[in-house]
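The values are calculated or read from the model by the stated rules, or taken from the named source; none is laboratory data. Because the structure is predicted, anything quoted here is derived from the model rather than measured. As a convention, Cβ positions derive from the backbone with ideal geometry for all residues, glycine included, and neighbour counts pool all protein chains shown. Keep in mind that these areas ignore ligands, DNA and RNA; they rest on the heavy atoms of the full protein, side chains included. Shrake-Rupley method; radii C 1.70, N 1.55, O 1.52, S 1.80 Å.
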Amino acid sequence: MLTYIFMLAWLGVTAFSSLPVFMYFNIWNTCQNTTLVESSNLCFDLRQFGIVSIGEEKRLCTASENFIKLCESNELDLTFHLFVCALAGAGAAVIAMVVAVSVLIRNHVILTSKSTGRYCTRF
């Protein structure tokens, strides 16, 4: 039962670590598109990710100086790679927990079938 609870906890960690990866990927993609089309003004609305409340209007447009500094910084790439590693680790933990739960269920079924006197273990 404890393994099942930990699996659900790691599933939640995986779900919540996918959100920053999605957000940083969109920021990185917008930064790549600004170098291709310099005359356009692309805006990145922070409300669509739930960072700010619906009532606030926070936009980060490509023409602003803050966005240019964000795209040129090395911290954006480093943070994106760290979030991807965290997502991969949480996904691996979920896969390991699923395997552990399935092995525990198989062992329980075999033990209960042997204790009843029926030795048919073909599944």
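Ranked highest first by average number of other Cβ atoms within 10 Å, how do 21-34, 97-110 line up? Mind showing how you got there, number by number?
Working: 21-34: 15.3, 97-110: 12.6.
Answer by packing, highest mean first, reads 21-34, 97-110.
Counted by Cβ distance under 14 Å from ARG47, the other residues give a net charge of -1, where Lys and Arg count +1 and Asp and Glu count -1.
Extension gain GLU56-SER18, at 0.36 nm per residue separation less the Cα-Cα distance, in nm? Spell out each step's value before the answer.
Numbers: separation 38, 0.36 × 38 = 13.68 nm, distance 2.44 nm.
Full extension from GLU56 to SER18 adds 11.2 nm.
Nonpolar atom fraction for the chain, defined as the carbon and sulfur part of the 1.4 Å probe accessible area, stands at 65 percent. Place a label point 7 angstrom from the Cα of VAL101 along the Cα-to-Cβ direction, then list the residues of the range 5-20 whose backbone nitrogen is under 15 Å away. Residues 5-15 fall inside that zone.
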